[in-house]
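Undergrad: Pasting a structure here, questions to come.
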Amino acid sequence: MSNFLLSIHVLGAILAIGPVAVAASMFPPAARRALADPADARAGATVRILHRITRVYAVIGILVPVFGVATAVSMGILTQPWLLVSMTLTALAAAVLITQVIPAQKQVVEGLEQNTRHDDGDVEGAASKGAASATGATTMTRALPDVSLARRLGMTTGVFNLLWAVVVVMMIYRPGQGGYA
C-alpha cells in the first residue's frame, strides 16, 4: 500500500505542483509585457491563462500533501524530523502561494481587464482610455497596477519555487537518514 500511496504522491507533485511552479514563474514577465502595452490583447490573454493555470492547479495540488501524509503514516515515518521540516516548508509554500502569489496575479489580471472596460460593458483598447465611446460612455479611470508589482511577484514566486525545491531535495535525501532508504 505504501508504494501505491507514494506513487500517487509523486505523480501528484509532478502533475499538479509542476504546472503551478511553471505558470507562476511565467506570469511576472508576461505581466510586465501586458502592463507595458495594455492594448496588446495577446499579452492580456497570456496573463489570464497563466493566472487560471496557477489557480486551478493550486487547488488540485492539495492532494500532494494529503497523499504525502498518508504515505508517511503507512510507512511509519510521520514523526521523522526531515519529514516534519518538509511538511512545514510545504505549508509555508502553500501560504506564500495563497496569500501572496495568487492575489497579486489576480490584481494584475483585474487591473488589465478594468483598464479596457467601459461603463456600458463594451471593451476597447487602452488607447481610448478616458475618451468617450460612440454611446457616450467613458472608460473607467482605474489605473493599471504598477510594473513594480510584477517585479515583486517575480521575487515572491521565486521564494515559492525555492521552498518546493528544498522540499523535493529533503524528500529524496532524507537528512539524518543517510540518504534514500
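Undergrad: Within the stretch 136-155, work out how many residues are buried (at least 19 other Cβ atoms within 10 Å of the Cβ) and modelled with pLDDT of 95 or more.
TA: Residues meeting the conditions: 1.
Undergrad: Counting just the residues of the stretch 13-42 that are closer than 17 Å to LEU153 by Cα and small (Gly, Ala, Ser), which one comes out modelled with the lowest pLDDT?
TA: Selected residue: ALA36.
Undergrad: So which residues in the stretch 46-61 are in contact with a Phe, Trp or Tyr (Cβ under 6 Å, 6 or more places away or on another chain) and farther than 20 Å from ILE14 by Cβ?
TA: The answer is none; no residue qualifies.
Undergrad: Could you name every one of the helices (runs of 4 or more DSSP H) located completely within the stretch 26-124 that has at least 1 residues being under 18 Å from LEU162 (Cβ atoms) and of a type in the set (Gly, Ala, Ser)?
TA: In the stretch 26-124, 41-60, 81-96, 102-115 are the helices (runs of 4 or more DSSP H) which contain 1 or more residues that are under 18 Å from LEU162 (Cβ atoms) and of a type in the set (Gly, Ala, Ser).
The values are calculated or read from the model by the stated rules, or taken from the named source; none is laboratory data. Computed from a predicted structure; not experimentally measured. Counting neighbours? That spans all protein chains shown, and the Cβs are built from the backbone with ideal geometry, glycine included.
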